[in-house]
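A.B. asks: Below are the structure tokens for one structure; questions will follow.
Every read-out reported here was derived from the displayed coordinates using simple, explicitly stated rules and does not represent laboratory data. Because the structure is a prediction, the values reported are computed rather than measured. Positions of Cβ are backbone-derived with ideal geometry, glycine not excepted, and every protein chain shown enters the neighbour counts.
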Amino acid sequence: MTAGYFVRKALGNFREHTWIHLVSIGIIFFAMTMLGFALILYSNLSHMIQQWGSDIRISVYLTRDMTQSERDWIQLKIGALPGLIESTHVTSEEAFRRFALDLEADRTILDGVDPSVMPESFDLRLDQSAITPHALKQAIDALKQAGGVDDIWYDQQWSDYVARLLELLRVGGVVFGFVLAVAIILIVSNTVTLSMFSRSDELKALRLVGATSLFLHAPFLIEGAMQGLLGSGFAIFALQGLYRLVAWYGPSLLPFGLAGETLIVFADGYDLVLLFGGASIGALGSVIAVRKYSEMKPLESA
């Protein structure tokens, strides 16, 4: 019965100051959406690094005027690479065919183009556990110096870039999350303080008839928690919708090689972290509001 009373009083505060509460929930929604988006990005980048982590893929592009002796020397160097799993020679014709397949509906722009415009290459796959990053860099540098090699690309470069981005997201996310938490606490605190002042006479009367501090303050604590819960819930709903929209309409537009990968949304229970984190932060804002009100109106709240 008492719990139901507290909830009804909290809902009454919502109705009495509807627009202020809606603005507060809207700001919480925006803040938690931003934080949730960062968490989704972090989850997918982590997943991508794990997918890349088992093998290292290298493409060695050859010059057009390469001699047979240079080709033999390159193949010899490739065969000596530590942890080599597979080496595939890709002809100009095969490279052209792959490029045309990637273009899909736009492949007609290649009509009349000579396949020889595409460079030959060797596609390599190495066991990452069999070679250190330093040894890999030395091997790549040695191959680049070999005659007949035009350029070398390997996905470990992208993995390194993404790893640095992950670290930036991790540190930036902590700072960003702290700033958002402080902002939400201040917003909820001000909203709940306004509700308490609007019921000042009622609180004073209840105190005179013997109401305890818990009885007086519980509705306002629930009010703050509800603001955080609603703002976080709407944020999760919006992010789920955005995820489905991107996964359905725009996988080819995804950055960092995520196209074709299985996208992750709220891995490791991040949705629950947002939901209960928002409610907890809202409740903390209410605690601050109650303390502030108690200092200003000690006889009504003590």
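A.B. asks: Using the number of other C-beta atoms within 10 angstrom as an exposure proxy, rank THR193, THR91 with the fewest first. Intermediate values should be presented prior to the final figure.
C.D. replies: Details: THR193 19, THR91 14.
Listed from fewest to most nearby Cβ atoms, that is THR91, THR193.
A.B. asks: Using a cut-off of 18 Å between alpha-carbon atoms, which lysines can reach LYS9, once sequence neighbours fewer than 8 places away in the same chain are excluded?
C.D. replies: Excluding near neighbours in sequence, the set is LYS204.
A.B. asks: Further, regarding this structure: Tell me, what is the FRET efficiency for ALA135 and THR18 to the nearest 0.05, using R0 = 45 angstrom and their Cβ-Cβ distance as r?
C.D. replies: Computed FRET efficiency for ALA135 and THR18: 0.10.
A.B. asks: For segment 177-235, take the convex hull of the Cα atoms, compute a quarter of its surface area, and give me that in nm², please.
C.D. replies: So the mean shadow area of the Cα hull is 4.5 nm².
A.B. asks: Moving to a separate point now. For PHE197 and LEU245, calculate 0.36 nm times their separation in residues minus their Cα-Cα distance, and state this gained length in nm to one decimal.
C.D. replies: 12.9 nm
A.B. asks: Order of LYS137, LYS9 from fewest to most other C-beta atoms within 10 Å? Could the numbers behind the result be given before it?
C.D. replies: On the way: LYS137 13, LYS9 20.
By the 10 Å Cβ count, ascending: LYS137, LYS9.
A.B. asks: Oh, and also: Any idea what the alpha-carbon Rg over 2.2 N^0.38 Å comes to for segment 64-147?
C.D. replies: For segment 64-147, the normalised Cα radius of gyration is 1.33.
A.B. asks: Using the number of other C-beta atoms within 10 angstrom as an exposure proxy, rank PHE14, PHE276 with the fewest first.
C.D. replies: In order of increasing Cβ crowding within 10 Å: PHE276, PHE14.
A.B. asks: A further question follows. Setting aside same-chain residues fewer than 8 positions from LYS77, which lysines have a Cα under 23 Å from its Cα?
C.D. replies: Correct list for LYS77: LYS137, LYS144.
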